[in-house]
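Enquirer: Let me give you the structure first, and then I'll get to my questions.
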Amino acid sequence: MELKLMMEKLGAPQTHLGLKNMIKEVDEDFDGKLSFREFLLIFHKAAAGELEEDSGLLTLAKLSEIDVSIEGVKGAKNFFEAKVQALSSASKFEAEIRAEQDERKREEEERKHRRAAFRELKSAFTQ
């Protein structure tokens with residue numbers, strides 16, 4: 001829903017199917033949603049020329065560029081500083097996500113271990 005609203009505000013509205021295709025193009029974890037990392041991947045793929053020509057993502061990436069002749073040098077400076085800050089905070093964000101995922105994996109392993117220990121004790125009492 002947020003992607004739909006953003007595309008409408010940028011003046012490039014998309015159909016429901018178009019939005020699904022946009023997400024599918026960068027959805028690395030196949031959850032049908034755009035994570036922050038996947039959102040940044042849009043701009044990485046656009047810079048590398050890896051987005052499909054008729055993709056709404058290419059439109060999104062182009063709409064996010066800045067024209068120095070219109071915005072001026074100070075506007076461009078602010079734009080790029082904001083992008084650098086977003087990228088550096090993205091690294092921190094990714095590290096936090098990895099830490100959370102590692103914690104969840106550890107908790108799940110611990111849960112499995114406790115269940116196995118409980119089953120073992122249970123079998124000792126039922127025999």
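Enquirer: Ranked from the most accessible area to the least, with a 1.4 Å probe and all protein chains present, what is the order of F30, F43, F36, F118?
Expert: Values: F30 175, F43 45, F36 75, F118 130 Å².
Listed by decreasing accessible area, they come as F30, F118, F36, F43.
Enquirer: When the chain is fully extended, how far beyond the present Cα-Cα distance does A117 get from E8, taking 0.36 nm per residue of separation? Write down the numbers at each step before the final one.
Expert: Details: separation 109, 0.36 × 109 = 39.24 nm, distance 5.45 nm.
Value of the extension gain: 33.8 nm.
Enquirer: Can you compute the modelled spin-label distance between D31 and E96, with each label point 7 Å from Cα toward Cβ, in nm?
Expert: 1.5 nm
Enquirer: Keeping every protein chain in place, order D54, D31 by accessible area at 1.4 Å, biggest value first, i.e. largest first. Before the final figure, lay out each step's value.
Expert: Working: D54 135, D31 75 Å².
Descending order: D54, D31.
Enquirer: Let me ask something else about it. Taking 0.36 nm per residue of sequence separation and subtracting the Cα-Cα distance, how much length would be gained by fully extending the chain between K105 and K20, in nm to one decimal?
Expert: Computed gain between K105 and K20 is 27.7 nm.
The values are calculated or read from the model by the stated rules, or taken from the named source; none is laboratory data. In this text, all values refer to a predicted model and were calculated from it rather than measured experimentally. Every residue, glycine among them, receives a Cβ derived from its backbone with ideal geometry; neighbour counts consider all protein chains shown. Each accessible area value is taken on the protein alone, full model and side chains, heavy atoms only, with ligands, DNA and RNA left out. Shrake-Rupley method; radii C 1.70, N 1.55, O 1.52, S 1.80 Å.
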